[in-house]
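The values are calculated or read from the model by the stated rules, or taken from the named source; none is laboratory data. Because the structure is predicted, anything quoted here is derived from the model rather than measured. Positions of Cβ are backbone-derived with ideal geometry, glycine not excepted, and every protein chain shown enters the neighbour counts.
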Amino acid sequence: MKTPISASKRYVHQLLKPQKYPTTTHLRRLSVASDSTQPPSPEELTETAISQLKNTDNWTSDANLHQQLLSLPPQSLIKIARQLETSSKALQFFHFIHDNQSTSLSPPPLSSIFQAVLELAIREEDSVFLADVFSLSKELKVSLTPNSAVLLIRYFFSINKVQESLNLYADLDPDAKNTNVNNTLLGLLLSSKNFEDAHKLLDEMLQPETKFPPNETTLSIVFSMLLRWNKGKEDEKIIDLIPKFGIHGMFPCKVWLTQLTTRLCRSNRNDKAWDLLHEYIKFNKLEAGPCNALLSGLSKERNFKKINILLTEMKDYNIKPDIVTFGMLVNHLCKSHRVDEALDMLKKMKEGKDGIFIKPDVILYNTLINGLCKVGRQQEGLLLIPQMKSEHNCAPNVITYNCLIDGFCKAGEIERAHELFDEMLKENVVPNVITVNTLVDGMCKNGRISNAMEFFRKMQEEKGIKGNAVTFSTLISAFCNVNNIEKAMSLFNEMESSGCLDALSYYTLISGLTLSGRPDDAGFIFTKMKKAGFLPDLLTYNTLIGGFCRRKKLHKAVEILKEMEDSGTKPDSVTYNTLISYFTQNNDLDTAHKFLKQMVKDGNAPTVVTYGALIHAYCTSGNLDEGLNLFEEMTKTSKVVPNNVIYNILIDSLCKSGKVDHGLSLMDGMLEKGIRPNTTTFNALLKGLSSRNRVKDADRVMNLMKNQGCYPDYITMEILNDWFYAIGEVDKLKQFVEGFQVSYAA
């Protein structure tokens, strides 16, 4: 069953059909006004025709009107079509002109009249027949004007028929294409993220001999899209084409290029930004702004090599640096601990060397002062304060003082830091929470926790600085470190009531309680943390597991592990190594092995700590063969290189078991792999050799010990003294210890 067609649709379909109009060959031309002696002008005839066509539905039978219309010049016909009220009337007019084009005094402008039809149809709400009207133009072989092409391309995009727009563009007559048409299609393709077709079109426009070269609008369309779109690397082909605008003498403004460079660097595409700017260097069209954006991106990835290259190129290509450039250069030098060069840079700026005079600002001074403080030269940073004060609008601010206070605190000069704080207040520079946190942290780290607490309370009362999570966490950690858990808990409760708790605050207290041997209390805070909506991270779980293990509450540690896995937090090698170490210490090797298997299954490769714990457990439990098997597995199937701790465990166990030759072989293996034996290694071997009275092998071990520069300790001397006195080789002992200073460290 066919769907009924509405009356309006039937009318339009009727209009789309070619219609027959009465011939006008022999019709008498009527004047506009019968009483006029002069024939009416084309403008008068045009206005009369417009009025009659608007007010008469059945004008097609009016022969006099037909004659008038066909006598009008092309511009008048276009004007009539555009001033008709509806697309249907315009389409009817189009049909009339088309069917009578052979009788017109001049070739009728069918393409322009058809454009008027399209313009009216698009303005109307019911524009669903545009596709049919377009089909009619193809059927009647009426060429589209560039404006008609633009209208239809936009229409097809509006109804999500992108391919129809591309097909229309491909079929256009050469005369219907121009830069405006290309720009319209390009903009729509970019807005729909159709980068492949957009790239193809733009590439054609940017060719040196193109018929439709780009203009400022093209450049604006491309940059407008690139600065809005930030979804990966789909746009890189478009970015690669941007320098080709230069072939046509068009270059993006400094702001656009700076913004694009910044966007590329923020999306970790420094290489793309580098390539783009170096294309513009070739045109000698690069300014400091885009270079500053690239320098910032390179600084964040600490690519100092490229920073140095770019700065050299800026000088070679006469790209004048500005205050931002110098600020970045000073920042780069300070981060590279080249503070003296940064000071020289400040001097050059102020003296105008190399023909560039730039007045330093407070940001640059702060960068330099911070750099000096970071390398322990805070006193030199302090000497820059008078220079700042002598500059116009460059007075030290809270950041300046915070950098200096931090520098003196880290150097342990708390009194000097307090003096700076007092000077800051005298200069009417208002401290902030960072100032307070810096002084509180400095005092806590220098054992002045009471002073830190007193200072914090004073700031709360006098300056209204309430403190934040960092302030409280610093104090809580400090009180936990001196085992003042009650005070730490009191501060935590204060934080909770003030609503400034964060994940760091919870972790700080959990860590402090755990290290104080109170894992159950830490577990209580852990529960509160989850109830408050904070998700524990891997570090928090590992801290709790370690705390319960140290208190021999292995079942609780396993419970935390299960909860950790259930929450979706994946255990790492630290988690498994902690559990394996403490289960082996508890002689539960079966459980330790289960954790080892789970560790590998979870994608965590066993580390030297893992193997060391298990090998030590096997050796101390008398299961030396299993320890050696695990050692062989470690050396052959894993990438973990055994350290001297593991070798010492095995050598000591072998020697105690009477397998001294195997122990000597392991020592030789250590040397071959570049692992240096220590005093513990040699003591184990000498002990084993003494029990077998193997003096010749002992000589080799002692000579090796001497060649390795490994000092004997009191255990070495005790072993050799008892043995060599017993066998009458005292001179050998004296010769060995000659030149050695006996160490009392293992």
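Just one of the listed residues (LEU168, LEU186, LEU172, LEU140) is touching a residue at least 12 places away in the same chain (Cβ under 8 Å) and in contact with a Phe, Trp or Tyr (Cβ under 8 Å, 6 or more places away or on another chain), and it is LEU168. For ASP652, the conditions (1) over 21 Å from THR610 (Cβ atoms); (2) assigned to a helix (DSSP H, G or I) are fulfilled apart from (1). Consider the stretch 64-75 and keep the residues that are modelled with pLDDT under 80 and over 15 Å from GLU47 (Cβ atoms). The one that is nearest to the chain's Cα centre (by Cα) is LEU70. When the residues of the stretch 428-460 are filtered to those that are more than 33 Å from the chain's Cα centre (by Cα) and not in a helix (DSSP H, G or I), the one that is nearest to ASP406 (Cα to Cα) is ASN446. Applying the criterion of being surrounded by 15 or more Cβ atoms within 10 Å (Cβ to Cβ) and of a type in the set (Asp, Glu) to the residues of the stretch 522-564, the residue that is nearest to GLY499 (Cα to Cα) is GLU563. Can you go through GLU461, GLU494, GLU427 and tell me which one is modelled with pLDDT under 95 and closer than 30 Å to VAL362 by Cβ? Exactly one residue qualifies, and that residue is GLU427. Reported count of residues in the stretch 657-679, each being under 18 Å from HIS616 (Cα atoms) and touching a Phe, Trp or Tyr at 6+ places or on another chain (Cβ under 9 Å), is 4. Apart from one condition, ILE78 fits all of (1) at pLDDT below 65; (2) crowded, with 17+ Cβ neighbours inside 10 Å; (3) part of a helix (DSSP H, G or I); the exception is (1).
Taken as a whole, the condition of being in contact (Cβ under 8 Å) with a residue 24 or more places away in the chain, in contact with a helix residue (DSSP H, G or I) (Cβ under 8 Å, 6 or more places away or on another chain), of a type in the set (Asp, Glu) and surrounded by fewer than 20 Cβ atoms within 10 Å (Cβ to Cβ) does not apply to GLU341. Yes or no: VAL609 surrounded by fewer than 22 Cβ atoms within 10 Å (Cβ to Cβ) and assigned to a loop (DSSP other than H, G, I, E, B)? Criteria not met by VAL609. The test for being more than 17 Å from THR620 (Cα to Cα), surrounded by 20 or more Cβ atoms within 10 Å (Cβ to Cβ) and not hydroxyl-bearing (Ser, Thr, Tyr) does not hold for LEU654. Taking MET634, is it surrounded by 14 or more Cβ atoms within 10 Å (Cβ to Cβ) and in contact with a Lys or Arg (Cβ under 8 Å, 6 or more places away or on another chain)? The answer is no for MET634. If the requirement is being in a helix (DSSP H, G or I) and either modelled with pLDDT of 90 or more or of a type in the set (D, E, K, R) (or both), which of these qualifies: VAL222, VAL181? Result of the check over VAL222, VAL181: VAL181. For LYS320, only one of the following conditions fails: (1) surrounded by 15 or more Cβ atoms within 10 Å (Cβ to Cβ); (2) within 21 Å of VAL255 (Cβ to Cβ). What is its number? Evaluating LYS320 over (1) surrounded by 15 or more Cβ atoms within 10 Å (Cβ to Cβ); (2) within 21 Å of VAL255 (Cβ to Cβ) leaves (1) as the failure. Scanning the stretch 406-430 for residues that are in contact with a Pro (Cβ under 9 Å, 6 or more places away or on another chain) and surrounded by 17 or more Cβ atoms within 10 Å (Cβ to Cβ), which turns out farthest from LYS389 (Cα to Cα)? Once the filter is applied, the top-ranked residue is PHE421.
Restricting the stretch 128-165 to residues that are of a type in the set (Gly, Ala, Ser) and crowded, with 19+ Cβ neighbours inside 10 Å, the residue that is farthest from GLN115 (Cα to Cα) is SER165. Restricting PHE212, PHE251, PHE245 to residues that are under 19 Å from ASP275 (Cβ atoms), out of contact with any Gly (no Cβ under 7 Å at 6 or more places or on another chain) and outside any helix (DSSP H, G or I) narrows the list to PHE251. The condition of being among the small types (Gly, Ala, Ser), buried (at least 20 other Cβ atoms within 10 Å of the Cβ) and either within 44 Å of the chain's Cα centre (by Cα) or assigned to a loop (DSSP other than H, G, I, E, B) (or both) does not hold for ALA121. Would it be correct to say that LYS556 is more than 20 Å from VAL482 (Cα to Cα), in contact with a Leu (Cβ under 9 Å, 6 or more places away or on another chain) and basic (Lys, Arg)? When the stated conditions are applied, LYS556 passes them. If the condition is being under 17 Å from VAL737 (Cβ atoms) and outside any helix (DSSP H, G or I), then the stretch 671-725 contributes GLN708, GLY709, CYS710, TYR711, PRO712, ASP713. Going by what's in this entry, would VAL436 be described as within 26 Å of PHE472 (Cα to Cα), surrounded by fewer than 15 Cβ atoms within 10 Å (Cβ to Cβ) and touching a helix residue (DSSP H, G or I) at 6+ places or on another chain (Cβ under 7 Å)? Judged against the criteria, VAL436 is not a match.
Which residues, taken from the stretch 479-505, are in contact with a Phe, Trp or Tyr (Cβ under 6 Å, 6 or more places away or on another chain) and farther than 20 Å from ASP537 by Cα? LYS487, ALA488, LEU491, MET495, listed by residue number.
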